[in-house]
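The values are calculated or read from the model by the stated rules, or taken from the named source; none is laboratory data. For clarity, every value in this text was computed on a predicted model and none was experimentally measured. When we count neighbours, we look across all protein chains shown, and the Cβ atoms used for this are built from the backbone with ideal geometry, even at glycine. Remember, those area values only see protein heavy atoms, side chains included, never the ligands or the DNA or RNA. Shrake-Rupley method; radii C 1.70, N 1.55, O 1.52, S 1.80 Å.
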Amino acid sequence: MAQVAAEAPVAKRQQIRPFNVVARFAPVLFLVVLMIGFSILEPRFLTPLNLFNVLRQVSIYGLLAIGMTFVILTAGIDLSIGSILALAGLVAAVVAKGGLDNRFSVGDGSAAMGFGWEVAALAAIGVGVAAGFVQGLAITRFKVPPFVVTLGGMSAFRGAALLFSGGGPVSGFDDAFVWWGQGKLGSVPVPVLIFVLFAVIAHIALSYTRYGRQIYAVGGNPEAARLAGLNVQKIILSVYVITGFFAGLGAFVLAARLNSAEAVAGTGFELTVIASVVIGGTSLFGGTGTIFGTVIGTVLIGVLLNGLVLLDVSAYVQQIIIGMIIVLAVAFDTFVKSRRRIL
């Protein structure tokens, strides 16, 4: 008992070291500094209208980032979510429109001739879950690295979306469908509420359930998890299904927001989503990360892109900056881990 009592203050001192505090709250500090900087450089940045626009824009990325967090926690990666989003959105659009014959029609707010938004949403999520299941099966059963499987999926699902739509957009949904992307509850956009709701659910699942602890265990040390009796392959398969679910959900919300779906939707989303998760503190090596961090990372990326647009920075330079931030975030994660081992 005496030894335990003596060790307790030591552990407490380790937890409150300045380096640990800075490392833990680095994304939040970076977000605050970024917002102060943009508000000084561009007066339009800190207006309520612009901030709501930022939240509305990041809600789609945020939904995808929630799913990506589950995958990266297991030391995996999913490069296909943008392509899955495009395919799932097209399927939802065709279901809502009532067939391929209407796929090139222009929206007038009351042109829906097919199923309601409920069936369309289920169709989009079903496509996402099926795509995630197939990729998870290839990773777990055939031992193909996630990078290779999802890189192939990125090309295959994009090709399927182009083949399915013939390259043209599907547009013109009814008001009930569009409400999920353009509606508001009070002054808060519906996509933002959906993002917050699923972020809370995912946080509870990861932090307070046995399944969440198993994901951290698999990502931290898969061999130890296997020896502890966990079905590692089943858990890895499940996280790709979850990623597919969020890609399908994001596809439905995006189609509703744009009142349109097309095969090129979601192009390049992979980079932004992975950046959001990594910047939020989730380690690409697995086992470390939180949904709260992902939310902060998503908002941070949204603020960064919005501020750069307001400052009239070109899209090419924006891509360079995001790429550099990913590298810096991974380097910082590696540095923090090595520093903690020394301490």
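If only residues of the range 34-80 that are part of a helix (DSSP H, G or I) and touching a Pro at 6+ places or on another chain (Cβ under 6 Å) are counted, the one that is most open to solvent (accessible area, probe 1.4 Å) is Arg56. Here is the figure for the range 225-263: residues that are surrounded by fewer than 24 Cβ atoms within 10 Å (Cβ to Cβ), touching a Gly at 6+ places or on another chain (Cβ under 9 Å) and not in a helix (DSSP H, G or I) total 3. Taking the criterion of being of a type in the set (Gly, Ala, Ser), open to solvent by less than 30 Å² (accessible area, probe 1.4 Å) and touching a residue at least 60 places away in the same chain (Cβ under 8 Å), the only residue of the range 211-220 that qualifies is Gly219. Take the residues of the range 153-165 that are open to solvent by 40 Å² or more (accessible area, probe 1.4 Å) and over 13 Å from Leu85 (Cα atoms): which is modelled with the highest pLDDT? Once the filter is applied, the top-ranked residue is Leu163.
Every residue, every condition in (1) open to solvent by 40 Å² or more (accessible area, probe 1.4 Å); (2) of a type in the set (Val, Ile, Thr); (3) modelled with pLDDT of 95 or more, yes or no:
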| position | (1), (2), (3) |
| --- | --- |
| Gly132 | no, no, yes |
| Arg141 | yes, no, no |
| Ser171 | no, no, no |
| Gly181 | no, no, no |
| Ser187 | yes, no, no |
| Ile194 | no, yes, yes |
| Ile201 | yes, yes, yes |
| Thr209 | yes, yes, yes |
| Pro222 | yes, no, no |
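Does Ala161 satisfy the condition of being of a type in the set (A, V, I, L, M, F, W, C), part of a helix (DSSP H, G or I) and in contact (Cβ under 8 Å) with a residue 40 or more places away in the chain? Yes; evaluated as a whole, the condition is true for this residue.
Consider Thr282 carefully, then state whether it is touching a helix residue (DSSP H, G or I) at 6+ places or on another chain (Cβ under 7 Å) and of a type in the set (Val, Ile, Thr).
On the way: touching a helix residue (DSSP H, G or I) at 6+ places or on another chain (Cβ under 7 Å): yes; of a type in the set (Val, Ile, Thr): yes.
Yes; evaluated as a whole, the condition is true for this residue.
Entry remark, the range 266-311: residues being open to solvent by less than 20 Å² (accessible area, probe 1.4 Å), under 30 Å from Asp174 (Cα atoms) and not in a helix (DSSP H, G or I) number 1 in total.
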